[in-house]
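So the structure is just underneath, and the comments pick up after that.
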Amino acid sequence: MPMFQPTHEVKTRIASRGIRSLGFALIVIATAHWGSAQDTPLISGGGGFFSSTNGGNTSYLPIIEPLIAAPIGPHILVESRATLLESFSPNGGGQTGYNHSHFIALTYLQGDVIVSPHLTVVAGDYLIPFNTFNDRLSPIWIGNFQDGPLISGLGIFSIGEGLGGMLRGNAIQRKKYSIDYAYFYSASTINQQFQADRGTGGRASLYLPDQRLEIGLSYDRLLQGVHENFYGAHVWWEPKDTAFRLRSEFSRGHHAQGYWVEADYRTQAFGGLDSWVGRFEPVFRMQQTFRRDTVASDGLPKVNTQRADFGLDYNLPHNTRILTSYSRQFSSTRDTNIWETGLVYRFLFPTWKGKQP
Amino acid sequence: MKFKRILGGIFLFASVSLIAVAAQQSSAPVKKNSAAKPAAHEQSEGERVFQQNCSRCHAAPEGFSPRISGTIARHMRVRASLSQHDEQALLRFLNP
């Protein structure tokens, strides 16, 4: 399941939504008054080209994910991210050749108001803060694999976005530990611009800076149709002074549950991280999903599935990465090999020249 | 059976990684953020904020205009729930 494979449901929100909402963001930015020369609005994001061979069929995915962020005064930030992609996949049914489809949509558009050192109020169309993948690891310039985890569809109300408000911040910050929280309420809307389900939930995480250990719990509840509950937990460990990272998540939904564990490492032993050896980044991810019933409404595989992903990334200079991986997926329906390669470039620059700080 | 072999590979990978981490902790220096220029106390404070918050999710960009350093720090304040003090330290680290 490619990270940015558009689902049928999501495909309905194309061009007009993205363009109109981005236009709104640009109007806000254009009318803003900037506090200082360091606060010039920025355009960031990633552009990439991915290929994936699954069961002998190769598909191609050129993609751009621009992000715009603009501070307004000392306490407000407006930010938005969009996805533009073209997917090329082989014709099925014994036919030769490829078909293609495009997808343009706004991923989120939100305003952030910093109310106090412990509270930020978020309003608009935001990423649902359930576990860590959806709102922290999904950008293409961050992920170590071009595929998201198999369980990434759990707890995010199908499309990963909520429309309404969110409270987030740092509840407690001490030298030895800190506790972050996020609570959201999303309204239901079928508006083509901002589709969302009604639901509520949140996440709380404990971070121990000395151990570089983060432990979090998530919960949310769908408040329309069948009121489904989703539970999540995550553990991240990044030992100090190393380039080793261990990340994991567990999610349990109404119809399925599963987990993933990912480890990646870069060595500093041969001239540092910027040496040609240090730029290599082996990655490994293990994941399993378990069906609780046969109602497959959550995007997870329809049968119990195990998958091991072996990746080798290379961090080129100038914010460019090569992502390669081989995955073996086991299930009762069939076992498959998945080969993936991709090139990702991260960009980050001011929207205009602005004053020199 | 195949799955057991995969599990064996996982344990091997984990063992090698942990050994490498242990060896590295005793010898290797901390990587400097190539996007930031150093300076005494604020650098160490800002670098701490960067490493404990920003780099938990992503690597440092290789370079960017000083005109957007305030915007980046504000964005990280929201995304990583930084305090105002940490935002200022991060800003000085990004744009000393």
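Only one of (1) within 28 Å of A:V261 (Cα to Cα); (2) assigned to a loop (DSSP other than H, G, I, E, B); (3) more than 14 Å from chain B (Cβ to nearest Cβ) fails for A:F194. Which number is that?
Here A:F194 meets the rest and fails (1).
Using the structure shown, decide if A:R307 is modelled with pLDDT of 95 or more, part of a strand (DSSP E or B), basic (K, R) and more than 30 Å from A:F349 (Cβ to Cβ).
So A:R307 passes the test.
Considering only residues that are in contact with a Ser or Thr (Cβ under 7 Å, 6 or more places away or on another chain) and among the acidic types (D, E), look in region A:145-200 and name the one that is nearest to A:T289 (Cα to Cα).
Among them, the one singled out is A:D197.
Out of A:G216, A:G225, A:G199, I need the residue that is surrounded by 19 or more Cβ atoms within 10 Å (Cβ to Cβ) and over 16 Å from B:C57 (Cα atoms). Which one?
Just a single option satisfies the conditions, and that option is A:G199.
Restricting attention to region A:36-53, and to residues there that are surrounded by fewer than 18 Cβ atoms within 10 Å (Cβ to Cβ) and within 7 Å of another protein chain (Cβ to nearest Cβ), which single residue is modelled with the highest pLDDT?
Top of the filtered list is A:A37.
Could you please find all residues in region A:315-336 being out of contact with any strand residue (DSSP E or B) (no Cβ under 6 Å at 6 or more places or on another chain) and more than 9 Å from chain B (Cβ to nearest Cβ)?
A:L316, A:S332, A:T333, A:R334 - these are the residues of region A:315-336 that are out of contact with any strand residue (DSSP E or B) (no Cβ under 6 Å at 6 or more places or on another chain) and more than 9 Å from chain B (Cβ to nearest Cβ).
Residues are listed down the side, and each one gets a yes or a no for (1) among the aromatic types (F, W, Y); (2) touching a residue at least 40 places away in the same chain (Cβ under 8 Å); (3) within 10 Å of another protein chain (Cβ to nearest Cβ):
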{"residue": "A:P66", "(1), (2), (3)": "no, no, no"}
{"residue": "A:G73", "(1), (2), (3)": "no, yes, no"}
{"residue": "A:V78", "(1), (2), (3)": "no, yes, no"}
{"residue": "A:P90", "(1), (2), (3)": "no, no, no"}
{"residue": "A:Q95", "(1), (2), (3)": "no, no, no"}
{"residue": "A:Y98", "(1), (2), (3)": "yes, no, no"}
{"residue": "A:I104", "(1), (2), (3)": "no, yes, no"}
{"residue": "A:L127", "(1), (2), (3)": "no, no, no"}
{"residue": "A:R136", "(1), (2), (3)": "no, no, yes"}
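Would you pick out the residues in region B:49-69 that are farther than 23 Å from A:A243 by Cα and in contact with a helix residue (DSSP H, G or I) (Cβ under 8 Å, 6 or more places away or on another chain)?
Correct list: B:P66, B:R67, B:I68, B:S69.
Could you run through region A:109-132 and say how many residues are hydroxyl-bearing (S, T, Y), under 28 Å from A:G258 (Cβ atoms) and either at pLDDT below 95 or outside any strand (DSSP E or B) (or both)?
Adding up the residues that qualify gives 1.
For region A:330-353, how many residues are surrounded by fewer than 20 Cβ atoms within 10 Å (Cβ to Cβ) and either charged (D, E, K, R) or more than 18 Å from the chain's Cα centre (by Cα) (or both)?
16
Restricting to region A:144-180, give me the number of residues that are buried (at least 20 other Cβ atoms within 10 Å of the Cβ), out of contact with any Leu (no Cβ under 6 Å at 6 or more places or on another chain) and within 11 Å of another protein chain (Cβ to nearest Cβ).
Final tally of qualifying residues: 6.
So which of A:R334, A:R321, A:R346, A:R328 ends up being more than 30 Å from A:D197 (Cβ to Cβ), of a type in the set (D, E, K, R) and outside any strand (DSSP E or B)?
Every option except A:R334 fails the conditions.
Pick from region A:320-357 the residues that are basic (K, R) and at pLDDT below 95: which of them is nearest to A:P282 (Cα to Cα)?
A:R334
Which members of region B:67-96 meet the condition of being part of a loop (DSSP other than H, G, I, E, B) and closer than 26 Å to A:S205 by Cα?
Hits for region B:67-96 are B:A80, B:S81, B:L82, B:S83.
Step by step: first the residues of region A:223-275, then only those that are of a type in the set (A, V, I, L, M) and in a loop (DSSP other than H, G, I, E, B), then the one that is farthest from the other protein chains (Cβ to nearest Cβ). Which residue is that?
Filtering region A:223-275 for residues that are of a type in the set (A, V, I, L, M) and in a loop (DSSP other than H, G, I, E, B), the one farthest from the other protein chains (Cβ to nearest Cβ) comes out as A:V226.
The values are calculated or read from the model by the stated rules, or taken from the named source; none is laboratory data. A quick note: this is a predicted structure, and the numbers were derived from the prediction, not measured. In this analysis, Cβ positions are derived from the backbone assuming ideal geometry, glycine residues included, and neighbour counts consider all displayed protein chains.
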